[in-house]
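Novice: First the structure, which I've put down as structure tokens, then a few questions once you've had a look.
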Amino acid sequence: MTEQHAPAIQYAHDHRGRFLDELNDLLRIPSISTYPENKQDMLRTAEWVASKLRSIGIAGVQILPTGGHPVVYGEHTAAGSSAPTVLVYGHYDVQPAEPLELWVSGAFEPTIRGENLYARGASDMKGQVMASLAAIEAILKTNRLPVNVKFIIEGEEEIGSPSLGQFIRSHKDLLASDFALNPDSGILSADVPTITYALRGLAYFELRLTGPDHDLHSGIFGGVVHNPAQVLSELIAGMHDAEGRITLPGFYDKVRPLDAEERADLARLPVTEAVLKSQTGAKELWGEAGYTLVERLGARPTLEVNGLLSGFTGEGSKTVLPAQAMAKISCRLVPDQDPEEVHQQMLRYLEENAPKTVQYQLIKMAGGPASISDRHSPGVEAMSRAMEQVWGMRPIFRREGGSVPVVAQFQQLLGIESVNAGFGLPDDNFHSPNEKLHLPTWYRGIDTLIHFLYNLA
């Protein structure tokens, strides 16, 4: 640790108790963005975050309206135009807590058991927001912040950030920065620091097939009327070949290949067949031939059936030939795939393979591009050094299989990349009962962010 870093680190250690108390205050507010009855709680949470920003010396704090819940903005630009500007992203909304009966303690009654703090939003992501604020406070109270920072803390991430894109477009000058810090991610374990440098995109569809104009008696009409459920099953089965590759026309045309250096970095991830079987309960694993488990989890595109519905599904038997069949299908995308191009590829597959005995309708439900950051950018290298300073080991670099749309939005609308580095753990029960935050890792996260901001200078 350098002499410059030491006072801020000591301040953070001395104020851990207060940081935890403030996090508890924030966690007690049920900021559930999806429920209309929590609208006032959402506003109260935005006001709490704005007040906290002001208290640590952030200027220009505003609660800015959107088409939905507001965005909290603030900035500290005293470092001057020659210093980099970091846009700190976060969200203050949380998932619903149901089923409430599965919580050991109240979802909005923060409770410590062992080394963990239990509450909805503790890890995703109020704890990550507060770690960022604690790190910046520790520097501002002991020294001069060596970089400029801006904050964009939204209230709609848990419902898909429907207002964020337009907000960014309308405030491009206000949000102009060199790169973003996004702590809405996690690490592999308490002993393995991790930087997520790539996130998959999404193309989500509903496929509807219609055959006869009403359900039929399967004994009377079976054998002469093509069953939409059978057709749907055959279409879905044909979307993968025997090697696990997706058969949509042109699906892999724009998939960016993995180079030797990246494959070597991904190979460092401690992901084994035994671990995945334990986590999933699957008897055997499956996937695209020619790629490792880690590569298939985050660096290769996928096509998955999310739901199926057709005919009679109640108890007992009913000899019906259904008139309709429906499937929900999602594709996770990698750089440089485009969701609209995948939509057209799915349509071409249906045109080529759907029989004339049924009619089909493909509904585009949701979509967003993948994102990838340069592992050698100044921001990523500053975070890598910071994690090594705190954990004593070089971090693992991983591609995340899920999607975080804001990262792609920052790339497309602001022209900036993100450093995705939060401190949640895989067993933190995001979106589930008994969500938790591992406090020793959280404190390490605060120290890491202090080093990160100094390393940027």
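The values are calculated or read from the model by the stated rules, or taken from the named source; none is laboratory data. Since the model is a prediction, treat every value here as computed from it, not as a measurement. Cβ sites come from the backbone with ideal geometry, for glycine too, and all protein chains shown count toward neighbours.
Novice: Looking for something in the same structural domain as Q409 (by TED's automatic domain parsing) and more than 26 Å from S377 (Cβ to Cβ) - is there at least one such residue anywhere in region 77-89? Steps first, please.
Specialist: The first filter runs over region 77-89 and keeps only residues in the same structural domain as Q409 (by TED's automatic domain parsing), leaving 77-89.
Remaining after also requiring more than 26 Å from S377 (Cβ to Cβ): none.
Within region 77-89, not a single residue is in the same structural domain as Q409 (by TED's automatic domain parsing) and more than 26 Å from S377 (Cβ to Cβ).
Novice: Moving to a separate point now. Go through region 219-247 and count every residue that is in a loop (DSSP other than H, G, I, E, B) and of a type in the set (V, I, T).
Specialist: Filtering region 219-247 for residues in a loop (DSSP other than H, G, I, E, B) gives 223-224, 226-227, 238-239, 241-245, 247.
Going one step further and asking which of them are of a type in the set (V, I, T), we end up with 224, 247.
Residues that pass the stated criteria total 2.
The rows are residues; the columns are (1) among the β-branched types (V, I, T); (2) closer than 16 Å to A237 by Cα.
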| residue | (1), (2) |
| --- | --- |
| A299 | no, no |
| G307 | no, yes |
| K328 | no, yes |
| L333 | no, no |
| M346 | no, yes |
| L350 | no, yes |
| V358 | yes, no |
| K364 | no, no |
| P369 | no, no |
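Novice: Quick one: which strands (runs of 3 or more DSSP E) sit completely within region 300-388 and have at least 2 residues that are β-branched (V, I, T) and on the phi < 0 side of the Ramachandran plot? Don't jump to the end; show me each part of the working.
Specialist: Details: elements: 302-310, 324-333, 359-368.
Once the strands (runs of 3 or more DSSP E) in region 300-388 are filtered for at least 2 residues that are β-branched (V, I, T) and on the phi < 0 side of the Ramachandran plot, what remains is 302-310.
Novice: Which members of region 256-292 meet the condition of being outside any loop (DSSP other than H, G, I, E, B), under 18 Å from S189 (Cα atoms) and either among the hydrophobic types (A, V, I, L, M, F, W, C) or touching a Lys or Arg at 6+ places or on another chain (Cβ under 7 Å) (or both)? Walk me through it before giving the result.
Specialist: Restricting attention to region 256-292, the residues satisfying the condition of being outside any loop (DSSP other than H, G, I, E, B) are 260-266, 273-280.
Among the residues that remain, those that are also under 18 Å from S189 (Cα atoms) are: 265-266, 273-280.
Correct list: L266, A274, V275, L276.
Novice: Here is a further query. Buried (at least 17 other Cβ atoms within 10 Å of the Cβ), touching a residue at least 12 places away in the same chain (Cβ under 8 Å) and touching a Lys or Arg at 6+ places or on another chain (Cβ under 9 Å): which single residue out of L425, L449 fits that description? Break it down into steps so the answer makes sense when it comes.
Specialist: Working: L449 fails: touching a Lys or Arg at 6+ places or on another chain (Cβ under 9 Å).
One residue alone meets the criteria, L425.
Table: residues versus (1) free of Cβ contacts under 8 Å to residues at least 60 places away in the same chain; (2) hydrophobic (A, V, I, L, M, F, W, C); (3) under 24 Å from F221 (Cα atoms); (4) exposed (fewer than 11 other Cβ atoms within 10 Å of the Cβ).
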{"position": "R296", "(1), (2), (3), (4)": "yes, no, no, no"}
{"position": "Q324", "(1), (2), (3), (4)": "no, no, yes, no"}
{"position": "C331", "(1), (2), (3), (4)": "no, yes, no, no"}
{"position": "H343", "(1), (2), (3), (4)": "no, no, no, no"}
{"position": "I363", "(1), (2), (3), (4)": "no, yes, no, no"}
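Novice: Determine whether L117 is surrounded by fewer than 24 Cβ atoms within 10 Å (Cβ to Cβ), out of contact with any strand residue (DSSP E or B) (no Cβ under 7 Å at 6 or more places or on another chain) and in the same structural domain as A382 (by TED's automatic domain parsing).
Specialist: no
Novice: Restricting to region 406-455, give me the number of residues that are in contact with a Leu (Cβ under 9 Å, 6 or more places away or on another chain) and outside any helix (DSSP H, G or I).
Specialist: The total comes to 16.
Novice: When residues of region 33-58 are filtered for being in contact with a strand residue (DSSP E or B) (Cβ under 6 Å, 6 or more places away or on another chain) and without any contact (Cβ under 8 Å) to a residue 60 or more places away in the chain, how many remain? Before you say what the answer is, go through the steps one by one.
Specialist: Restricting attention to region 33-58, the residues satisfying the condition of being in contact with a strand residue (DSSP E or B) (Cβ under 6 Å, 6 or more places away or on another chain) are 38, 46, 49-50, 53-54, 58.
Still in the running and without any contact (Cβ under 8 Å) to a residue 60 or more places away in the chain: 38, 50, 54.
Here the count works out to 3.
Novice: Of all the residues that make up region 1-22, how many are of a type in the set (S, T, Y) and either surrounded by 12 or more Cβ atoms within 10 Å (Cβ to Cβ) or without any contact (Cβ under 8 Å) to a residue 24 or more places away in the chain (or both)? Before you say what the answer is, go through the steps one by one.
Specialist: Restricting attention to region 1-22, the residues satisfying the condition of being of a type in the set (S, T, Y) are 2, 11.
Cutting the leftovers down to either surrounded by 12 or more Cβ atoms within 10 Å (Cβ to Cβ) or without any contact (Cβ under 8 Å) to a residue 24 or more places away in the chain (or both) gives us 11.
Going through region 1-22 one residue at a time, the tally reaches 1.
Novice: How many of the residues in region 163-218 are more than 30 Å from T319 (Cβ to Cβ), of a type outside the set (D, E, K, R) and outside any strand (DSSP E or B)?
Specialist: Looking only at region 163-218, we keep the residues that are more than 30 Å from T319 (Cβ to Cβ), and these are 163-205.
Those still in the list that are of a type outside the set (D, E, K, R) too: 163-168, 170-171, 174-177, 179-183, 185-190, 192-199, 201-205.
Filter again for outside any strand (DSSP E or B), leaving 163-168, 170-171, 174-177, 183, 185, 187-188, 190, 193.
Summing the residues that are more than 30 Å from T319 (Cβ to Cβ), of a type outside the set (D, E, K, R) and outside any strand (DSSP E or B) in region 163-218 gives 18.
Novice: OK, next. Here are some residues: A289, A264. Which one is at pLDDT 90 or above, farther than 30 Å from Q344 by Cβ and not charged (D, E, K, R)? Break it down stepwise before answering.
Specialist: Numbers: A289 fails: farther than 30 Å from Q344 by Cβ.
Being at pLDDT 90 or above, farther than 30 Å from Q344 by Cβ and not charged (D, E, K, R) holds for just one of A289, A264, which is A264.
Novice: Between R200, R169, R144, R208, which is touching a helix residue (DSSP H, G or I) at 6+ places or on another chain (Cβ under 7 Å), surrounded by fewer than 21 Cβ atoms within 10 Å (Cβ to Cβ) and of a type in the set (K, R)?
Specialist: Working: R200 fails: surrounded by fewer than 21 Cβ atoms within 10 Å (Cβ to Cβ); R144 fails: touching a helix residue (DSSP H, G or I) at 6+ places or on another chain (Cβ under 7 Å); R208 fails: touching a helix residue (DSSP H, G or I) at 6+ places or on another chain (Cβ under 7 Å).
It is R169.
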